[in-house]
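As structure tokens, the structure follows; a few thoughts come after it.
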Amino acid sequence: GPVPADYVLGPGDTVRVQLFGNVNGVYEVDVTRDGILNLPEIGPINVSGIRFSEFRESIGKRVEQTLIGTQASVTMGQLRTIRIFVLGDVNQPGSYVVDGLATISSALYRSGGISRIGSLRNIQLKREGRIVATLDLYDLLLEGDTSGDRRLQPGDVIFVPPIGKTISVGGAVKRPAVYEVRDKATVANVLTFAGGLIAEAYAPGTRLERID
């Protein structure tokens, strides 16, 4: 599929540059381990850590300045693979090699998914020892919201902590189950997770049981 504009270039990526106008040619060049792209007619360019959209714009300007009357069309070729770690309460923790477009959810899938004691609502993405993002899988599973599903970079660690507070919902609801909740959760919140009441539900007969 098409490479998103915010894809970050790195060693191992292949870039395809087509020149047309006064100078014509098609070049497929790999990014070196040092993050350098050696393009014929243009010279070496440091691309490590640069977004694809920024690189494409930079190449266009450089070609116009260096090769008068020539334009460039830039696309991505084969993408690099990266090594990441999935740790904590997952079924198969360990180190995995994934493609450059992998996200938190795809890495969790590779690791066999979250274990029964793992949290679905506080999945941590760590980069260089710091938490750079957290993923709430309820947003993805219940609402289809993928905005928190961050793209991975080499050396990233996905850590799944133990499950937090839980509430069991049973009876005449659409999705009876045990749900993980955050602080200040209400009955209405949990009923929303459970899909609401079914048509035959007798709402006045609802009861709240608490283990004290």
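The values are calculated or read from the model by the stated rules, or taken from the named source; none is laboratory data. This structure is a prediction, so every number in the text was calculated from the model and none was measured. Cβ coordinates were reconstructed from backbone atoms using ideal geometry, including for glycine residues, and neighbour counts include every protein chain displayed. Only protein heavy atoms, including side chains, enter the accessible area calculation; ligands, DNA and RNA are left aside. Shrake-Rupley method; radii C 1.70, N 1.55, O 1.52, S 1.80 Å.
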Go through segment 144-167 and report how many residues are without any contact (Cβ under 8 Å) to a residue 60 or more places away in the chain and within 30 Å of ILE211 (Cα to Cα). 4
With the structure loaded, tell me whether VAL169 is more than 30 Å from SER48 (Cα to Cα) and at pLDDT 90 or above or whether it fails that test. yes
Tally the residues that are open to solvent by 50 Å² or more (accessible area, probe 1.4 Å), part of a loop (DSSP other than H, G, I, E, B) and either in contact with a Phe, Trp or Tyr (Cβ under 9 Å, 6 or more places away or on another chain) or closer than 20 Å to ARG80 by Cβ (or both), restricting the search to segment 6-31. 2
Of (1) of a type in the set (Asp, Glu); (2) exposed (fewer than 14 other Cβ atoms within 10 Å of the Cβ); (3) modelled with pLDDT of 90 or more, ASP34 satisfies every one except (3)
Scanning for something in a helix (DSSP H, G or I) and touching a helix residue (DSSP H, G or I) at 6+ places or on another chain (Cβ under 9 Å), does segment 49-61 turn up at least one residue? no
Residues located in segment 68-94, provided they are more than 19 Å from VAL8 (Cα to Cα), polar (S, T, N, Q) and either open to solvent by 50 Å² or more (accessible area, probe 1.4 Å) or in a loop (DSSP other than H, G, I, E, B) (or both): GLN71, ASN91, GLN92
Tally of residues being hydroxyl-bearing (Ser, Thr, Tyr) and either open to solvent by 80 Å² or more (accessible area, probe 1.4 Å) or under 20 Å from SER95 (Cβ atoms) (or both) across segment 137-167: 2
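How about segment 176-212: which of its residues are among the charged types (D, E, K, R) and surrounded by 11 or more Cβ atoms within 10 Å (Cβ to Cβ)? If you could, list the steps in order and put the result at the bottom.
Keep residues of segment 176-212 that are among the charged types (D, E, K, R), which gives 180, 182-184, 200, 207, 209-210, 212.
GLU180, ARG182 - these are the residues of segment 176-212 that are among the charged types (D, E, K, R) and surrounded by 11 or more Cβ atoms within 10 Å (Cβ to Cβ).
Okay, residues lined up against (1) modelled with pLDDT of 95 or more; (2) within 27 Å of PRO11 (Cα to Cα):
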position	(1), (2)
SER115	yes, no
ASP139	no, no
GLY148	no, yes
ARG151	no, yes
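Which residues, taken from segment 95-136, are acidic (Asp, Glu), open to solvent by 50 Å² or more (accessible area, probe 1.4 Å) and either assigned to a loop (DSSP other than H, G, I, E, B) or more than 19 Å from GLY155 (Cβ to Cβ) (or both)?
Start the filter on segment 95-136 by keeping residues that are acidic (Asp, Glu), which leaves 99, 128, 136.
Keeping just the survivors that are open to solvent by 50 Å² or more (accessible area, probe 1.4 Å) gives 99, 128.
Selection gives GLU128 alone.
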Going by the structure shown, is ALA102 under 12 Å from the mean Cα position of the chain (by Cα) and under 25 Å from GLU180 (Cα atoms)? no
Of (1) β-branched (Val, Ile, Thr); (2) closer than 30 Å to THR14 by Cβ; (3) without any contact (Cβ under 8 Å) to a residue 12 or more places away in the chain, ILE104 satisfies all except one. Which? (3)
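Would you confirm, using the coordinates I've provided, whether ARG83 is charged (D, E, K, R) and touching a Pro at 6+ places or on another chain (Cβ under 8 Å)? Don't jump to the end; show me each part of the working.
Working: charged (D, E, K, R): yes; touching a Pro at 6+ places or on another chain (Cβ under 8 Å): yes.
Considered against the rule, which asks whether it is charged (D, E, K, R) and touching a Pro at 6+ places or on another chain (Cβ under 8 Å), ARG83 comes out as yes.
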